[in-house]
Amino acid sequence: MTEQAALVSEFKAAFGDDAKSDLLSRLTRIRWPDEGTATDWSQGVPLPYMKELCEYWSNDYDLERVTKRLNRFAQITTNIHGTDIHALHVRSPHPDAMPLIMTHGWPGSIVEFLDVIEPLTNPTAFGGDAANAFHVVCPSLPGYGFSGRPTGTGWGVEQIADAWVELMVRLGYERFGAQGGDWGAFISIKLGQVAPERVAGIHLNLGVGSPDVLIALGDLTPEEEDYLGRFQYYADNEAGYSTQQSTKPQTLGYGLADSPSGQAAWILEKFHNWTDCDGDPRNVLSWDVLLDNISLYWLTNSATSSARLYWESLKAIFLDFAAVEVPVGYTLFPKDSFALSERWAKTRFPDLRHYSVVEKGGHFAALEQPATFVDEVRTAFRSMRD
């Protein structure tokens, strides 16, 4: 065993019986708000919808389901910069597979990747080519899920990127690809900027560029007008959660840590607004899948610690549109919060190897459209393999 490998421990996901009993008890004692003056989602999650979710959570959902799903895969923990990092680490049976670190965001988790790991690691079992195989590493962000909670400030995007480099080296990967959406996109971009000698390339399913740069290009297409408008729509209609989490996450945390219905609604609203679901998340994701993600937040009590990433990095990521010189692939899922046209993307990613607009999908691409996601990741990295 190498010195680096000795720093890594095997891990199995589990929730304590007390935590599960406490959740079920709280779900029987919810104090509901009034129904509100709007019956649609314009003021947030409608009361009947929320009651139905919590009833299912209490009576029908298997609280062991998410840990069973996680424990189908090999997992590790390792302490980096004083914080324990948890990750799925699934090696491909194909020896020439490309190492790939995939990073989730908020309010997602490593649950997003559970349906794509096997097709990525073992493509021949799913009708694919061994030349497209990956060794997959899916870390839980610091403060999320089974990763540790940072005890001091400084755990922003750049420190996480630095930790991901250390994680991959400890797992035996000197050079690797990176993939991400939401915070995972910003962390993957930062990896390409701070460790270009390690990063063979990145694939993004969220693209953010400077609006001023697009305007300066001139002769905007109707699609580019729409993409530009998404910035303003987000600021006017979607940014309340990020303002709170980036300014006073601790205050927010008292409510979310004490109320399972509050935690569920805080997350569920974004799955409604950001998925390609025609108005109901259940059109693309089952109650079980939605509750896998929600339960991971609740049962690990990570609402507050996960929100602190916004306090650390939100302002910085929307002020820094520096170029990324490593090869980049970008897939635009049509209902995502932000989107880049190809020429706009090239202003930030000069070595843009792959650009694609797919037919369906939103912010949680791997969860909503796993087959499309797998195809896009394979295609994007074909020209980036050493």
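Within segment 256-269, can one find any residue that is in contact (Cβ under 8 Å) with a residue 24 or more places away in the chain, in a loop (DSSP other than H, G, I, E, B) and either touching a helix residue (DSSP H, G or I) at 6+ places or on another chain (Cβ under 7 Å) or not charged (D, E, K, R) (or both)?
Yes: one or more hits.
Which members of segment 261-279 meet the condition of being under 16 Å from residue 56 (Cα atoms) and either open to solvent by 10 Å² or more (accessible area, probe 1.4 Å) or basic (Lys, Arg) (or both)?
Listed by number, the residues that qualify are 261, 262, 265.
So is residue 202 at pLDDT 95 or above, in a helix (DSSP H, G or I) and open to solvent by less than 10 Å² (accessible area, probe 1.4 Å) or not?
no
May I ask you to list pairs of residues, at least six apart or on different chains, whose Cβ atoms are under 6 Å apart, with the first in segment 146-160 being charged (D, E, K, R) and the second being part of a loop (DSSP other than H, G, I, E, B)?
149/143
Residues in segment 220-237: is at least one farther than 25 Å from residue 315 by Cα and in contact (Cβ under 8 Å) with a residue 24 or more places away in the chain?
Taking every residue of segment 220-237 in turn, at least one turns out to be farther than 25 Å from residue 315 by Cα and in contact (Cβ under 8 Å) with a residue 24 or more places away in the chain.
Residue-wise test of (1) surrounded by 13 or more Cβ atoms within 10 Å (Cβ to Cβ); (2) in a loop (DSSP other than H, G, I, E, B); (3) of a type in the set (Asp, Glu).
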{"residue": "9", "(1), (2), (3)": "no, no, no"}
{"residue": "15", "(1), (2), (3)": "yes, yes, no"}
{"residue": "40", "(1), (2), (3)": "no, yes, yes"}
{"residue": "45", "(1), (2), (3)": "yes, yes, no"}
{"residue": "67", "(1), (2), (3)": "yes, no, no"}
{"residue": "77", "(1), (2), (3)": "yes, no, no"}
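Looking at residue 381, is it open to solvent by less than 20 Å² (accessible area, probe 1.4 Å) and more than 18 Å from residue 115 (Cα to Cα)?
yes
What helices (runs of 4 or more DSSP H) completely inside segment 276-361 contain at least 1 residues that are in contact with a Pro (Cβ under 7 Å, 6 or more places away or on another chain)?
Where helices (runs of 4 or more DSSP H) fall fully within segment 276-361 and carry at least 1 residues being in contact with a Pro (Cβ under 7 Å, 6 or more places away or on another chain), they are 287-299, 303-317.
Out of (1) among the polar types (S, T, N, Q); (2) farther than 27 Å from residue 379 by Cβ; (3) in contact with a helix residue (DSSP H, G or I) (Cβ under 7 Å, 6 or more places away or on another chain); (4) open to solvent by 40 Å² or more (accessible area, probe 1.4 Å), the odd one out for residue 347 is which?
(2)
List pairs: first residue in segment 129-140 and more than 13 Å from residue 112 (Cα to Cα) and in contact (Cβ under 8 Å) with a residue 24 or more places away in the chain, second residue assigned to a helix (DSSP H, G or I) and open to solvent by 10 Å² or more (accessible area, probe 1.4 Å) anywhere in the structure, Cβ distance under 6 angstrom, at least six positions apart or on different chains.
130/124; 132/378
For residues in segment 331-350 being out of contact with any Lys or Arg (no Cβ under 9 Å at 6 or more places or on another chain) and in contact (Cβ under 8 Å) with a residue 60 or more places away in the chain, which is farthest from residue 186 (Cα to Cα)?
343
Filter segment 232-260 down to residues that are open to solvent by less than 40 Å² (accessible area, probe 1.4 Å) and of a type outside the set (Gly, Ala, Ser), then give me how many there are.
8
Report, by residue number, each residue of segment 89-104 that is in contact (Cβ under 8 Å) with a residue 60 or more places away in the chain, within 17 Å of residue 379 (Cα to Cα) and not in a strand (DSSP E or B).
none
The values are calculated or read from the model by the stated rules, or taken from the named source; none is laboratory data. Here the structure is a predicted model, which means the values were calculated and not measured. Methodologically, a virtual Cβ is constructed for each residue, glycine included, from the backbone with ideal geometry; neighbour enumeration extends over all protein chains shown. We work out accessible area using only protein heavy atoms, side chains counted, and drop any ligands, DNA or RNA first. Shrake-Rupley method; radii C 1.70, N 1.55, O 1.52, S 1.80 Å.
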